[in-house]
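Student: Below: one structure in structure tokens.
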Amino acid sequence: NKINRLETTKLLLEHGADPYVKSRYGDDAMRTACIKGASQIFDYLKTHLEYSSERLAEAHELIGK
């Protein structure tokens, strides 16, 4: 359920999860959201966290916005 994933994301961030940490595949929270097409999480991350304009451009392209 997409809403539950967004709420889980918010909860993790509120409790100190590092959204910039990378998985063994090199994906952070933003890239994972884009790959999975989780546009609500993508929108939340881009409005609540700091990303460079290059990073945001890459993310927009990846998610197709």
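Student: What FRET efficiency do you get for SER52 and GLU7 if R0 is 25 Å and r is their Cβ-Cβ distance, rounded to the nearest 0.05? Don't skip to the answer; put the middle values down first.
Tutor: On the way: r = 27 Å, r/R0 = 1.09.
Efficiency for this residue pair is about 0.40.
Student: SER23 versus GLN40, label points 7 Å from Cα toward the beta carbon: distance in nm?
Tutor: Placing both labels 7 Å along Cα→Cβ, they lie 2.0 nm apart.
Student: Okay, moving on. Probe radius 1.4 Å, ligands and nucleic acids ignored: give me the carbon and sulfur share of the accessible area of the chain as a rounded percent.
Tutor: Working: 2450 of 4630 Å².
Roughly 53 percent, rounded to a whole number.
Student: Sticking with this structure for a sec: DSSP loop (so not H, G, I, E, B), at most 11 other Cβ within 10 Å: list which GluC sites (Glu not before Pro) in the chain pass both filters. Present the calculation step by step, with values, prior to reporting the outcome.
Tutor: Working: sites: GLU7, GLU14, GLU50, GLU54, GLU58, GLU61; in loops: GLU50.
Of the GluC sites (Glu not before Pro), the ones in loops of the chain whose Cβ has at most 11 other Cβ atoms within 10 Å are GLU50.
Student: Under a Cβ-only charge scheme (Lys and Arg +1, Asp and Glu -1), can you give me the dipole magnitude of the chain about the Cα centre, in debye to the nearest 20?
Tutor: Working: 10 positive and 10 negative charges, 51 e Å.
Its charge dipole is roughly 240 debye.
Student: Kindly provide the trypsin sites (Lys or Arg not before Pro) of the range 1-33 that DSSP labels as loop, not H, G, I, E or B, and whose Cβ sees at most 13 other Cβ atoms within 10 Å.
Tutor: Those satisfying the criteria are LYS22, ARG24.
Student: Moving on to the next point. Which chymotrypsin sites (Phe, Trp or Tyr not before Pro) in the range 1-56 sit in a loop by DSSP (not H, G, I, E or B) and have at most 12 other Cβ atoms within 10 Å of their own Cβ? Write down the numbers at each step before the final one.
Tutor: Numbers: sites: TYR20, TYR25, PHE42, TYR44, TYR51; in loops: TYR20, TYR25, TYR51.
Loop-located and lightly packed - TYR20, TYR25.
Student: Ignoring ligands, DNA and RNA, what accessible area per residue does the chain give at 1.4 Å, in Å²? Walk me through the intermediate numbers first.
Tutor: Values: 4630 Å² over 65 residues.
Accessible area per residue, the chain: 71 Å².
Student: For the range 18-30, in order, what is each residue's ³J(HN,Hα) by Karplus, 6.51 cos²θ - 1.76 cosθ + 1.60 with θ = phi - 60°, in whole Hz (x at glycine and Pro)?
Tutor: For the range 18-30, the Karplus curve yields 8, x, 9, 5, 9, 6, 5, 9, x, 9, 9, 4, 5 Hz.
Student: Here is a follow-up. Go through (i) 11.6; (ii) 13.0; (iii) 11.9 and flag the label whose value is the computed Kirkwood radius over Cα pairs in Å for this structure.
Tutor: Working out Kirkwood radius over Cα pairs in Å from the coordinates points to (iii).
Student: Which aspartates and glutamates does LYS65 reach when only Cα atoms under 15 Å apart count, and residues fewer than 8 places away in its own chain are ignored?
Tutor: ASP43, GLU54
The values are calculated or read from the model by the stated rules, or taken from the named source; none is laboratory data. Keep in mind the model is a prediction, meaning the values are calculated, not measured. Please note: Cβ atoms are built from the backbone with ideal geometry, for glycine as well, and neighbour counts cover all protein chains shown. Note: accessible area is taken over every heavy atom of the protein model, side chains too, but ligands, DNA and RNA are not part of it. Shrake-Rupley method; radii C 1.70, N 1.55, O 1.52, S 1.80 Å.
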